[in-house]
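The values are calculated or read from the model by the stated rules, or taken from the named source; none is laboratory data. The model shown is predicted, which means the values in this text are computed figures rather than measured ones. Reconstructed Cβ throughout: ideal geometry from the backbone, glycine too, with neighbour counts over all protein chains shown. Please note that ligands, DNA and RNA were not included when accessible areas were found on the heavy atoms of the full protein model with its side chains. Shrake-Rupley method; radii C 1.70, N 1.55, O 1.52, S 1.80 Å.
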Amino acid sequence: MNDVRVIAYFAGDPTRTYQLAQWLEVLEVLDRVHPVGLVLRDPDSAELIASRTELPVLTAATFPELTELYAGLDAKVVLYCNNSVLNFESLLDSRMLHVHVNHGESDKQSMASNNAKAYDRVFVAGDAAVHRYVTGLLDFDSSRLVRVGRPQLDLPHPPLLAPSTRRTVMYAPTWEGDADYNDYTSLDSLGEAIVRAILEVPDVRLVYKPHPKVTTSLTPVIADAHLAVMGLIDEAARLDPAAGHKRVLTGDILAVMPGCDAMVTDVSSVGLDWLYLHTDKPILLTDPHGDLEALHHQAPISRCADVVGPDDVRHLASLLADRLAHDEHHLARVAMRHHYFDDLDVGESTGRFLTEVSRLVTLRDELLAGGAQAAITA
């Protein structure tokens, strides 16, 4: 393992492995340029990730095991896809450069965390993310921000949905978050009404693709709402088997998107992924709290989407039917895509990512050599 040059570090439990999993194919591309090793702290997570990649998976459950592992490697750069508190045990190693890459691009408040100050660099998608950090944090050094787009969105995904002659509308709610300030889900307050409305649209196929953590949620109102939504879909499928209504509880949502004609979703990375990949298709954004002004301020994507709040959901069926026939926000989405992802076309983010990681690999060696020379001449 001495040939590992880049580490992808992950300290989450198995329910959070989706955060690292979405990076695996990109890391496999990076591995062709700079050998990559995955360092995980949870043995169950390590076993799960190892089943999904040929990259070497190294487990260090304790801090002494981590320091021993790092001492035996000559890694130069560490990548972090979340802000786990255990990241700080890895950050203690001063011989490597530490880079936060996150696991998506969204307008959630957690996306601009003070934790960013701990990393040498923070890779972001584009202008919207830069604005989020600069305006959301006090005394933040914006020179740490590196714009790389969304490399995960460059990768091809075999479609998960069978073709259909019907218009397909996906409902993709996010999870409830781990704190009230980070709760953007519509599932508990609007989920059933949204599903009923989609099913009322003539000649429609409904696809339900919740956030992975919705399916394992221990929050009673979320778990109950999830079961209620699945019940509605099962009943609709029983009454009209030819419609092809479907609930997709596993697999990559990026592989579901190509088979859809419109999407209803919450403030999350899902909506921005849709904006990047399917700019030509309508998106409807939920506003569970019924505060349109706040939503427009926090989530610019809401300015190029139809917003569905508590007072709007009763009109959702007719609105969806109209948008599927007359997409009024296409040009606005094109402009908003540029705000979030600069002028990158699909395929270009990966090139940026590889270039910036390579620069940091070189920089680390230069800094280490410079420090050693300074010590000799002192």
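Other residues with beta-carbon under 9 Å from the beta-carbon of Tyr208 carry, at +1 per Lys or Arg and -1 per Asp or Glu, a net charge of +3. For the stretch 41-111, what does the alpha-carbon gyration tensor say about shape, rounded, prolate or oblate, given a ≥ b ≥ c as the root eigenvalues, a/c under 1.5 as rounded, and a/b over b/c as prolate? Oblate, because a/c is 1.5 or more while a/b does not exceed b/c. Mean residue ellipticity at 222 nm, helices only, the chain: -12000 deg cm²/dmol; runs of at least 4 DSSP H residues each add -39,500 (n - 2.57), and the sum is divided by the number of residues. Taken as entire DSSP H runs, the helices of the chain that both span 27 Å or more between Cα atoms along their own long axis and average -0.5 or more on the Kyte-Doolittle scale are 220-239, 348-377. Build a GNM of the chain with springs between Cα atoms under 10 Å apart, and of Ser113, Ser51, Ser268 the one that fluctuates most is Ser51. The H on the amide N of Lys246, modeled in the peptide plane, is under 5 Å from the matching H of Leu206, Val207, Tyr208, each at least 5 residues off or on a different chain. Excluding ligands, DNA and RNA, the accessible surface per residue across the chain is 44 Å² with a 1.4 Å probe. Excluding same-chain neighbours fewer than eight residues apart, the lysines reachable from Lys213 by a Cα-Cα span under 18 Å are Lys108. For the options Val99, Val134, Val36, a Gaussian network treatment of the chain with springs between C-alpha atoms closer than 10 Å singles out Val134 as fluctuating the most.
Between Leu275, Pro163, Ala118, the Cα set farthest toward the positive side of the dipole of the chain (charges on each charged residue's Cβ, about the Cα centre) is that of Pro163.
More than 15 Å apart: what percent of Cα pairs in the stretch 1-74 qualify?
When every Cα pair of the stretch 1-74 is considered, 49 percent fall beyond 15 Å.
Exposed loop sites here mean GluC sites (Glu not before Pro) with a DSSP loop assignment and at most 12 other beta-carbon atoms within 10 Å; the chain contains its longest site-free run at 55-327.
Within a straight-line Cα-Cα reach of under 25 Å, Lys76 can be paired with the following lysines, leaving aside sequence neighbours fewer than 8 residues apart in one chain: Lys117. How many angstrom lie between the C-alpha centres of the stretch 217-292 and the stretch 95-151? Cα centres, the stretch 217-292 to the stretch 95-151: 28 Å.
In terms of the Cα gyration tensor, with a ≥ b ≥ c the square roots of its eigenvalues, is the stretch 232-356 rounded because a/c is under 1.5, prolate because a/b exceeds b/c, or oblate? It comes out oblate by the Cα gyration axes. Apolar share of the accessible surface for the chain: 53 percent from carbon plus sulfur atoms, 1.4 Å probe.
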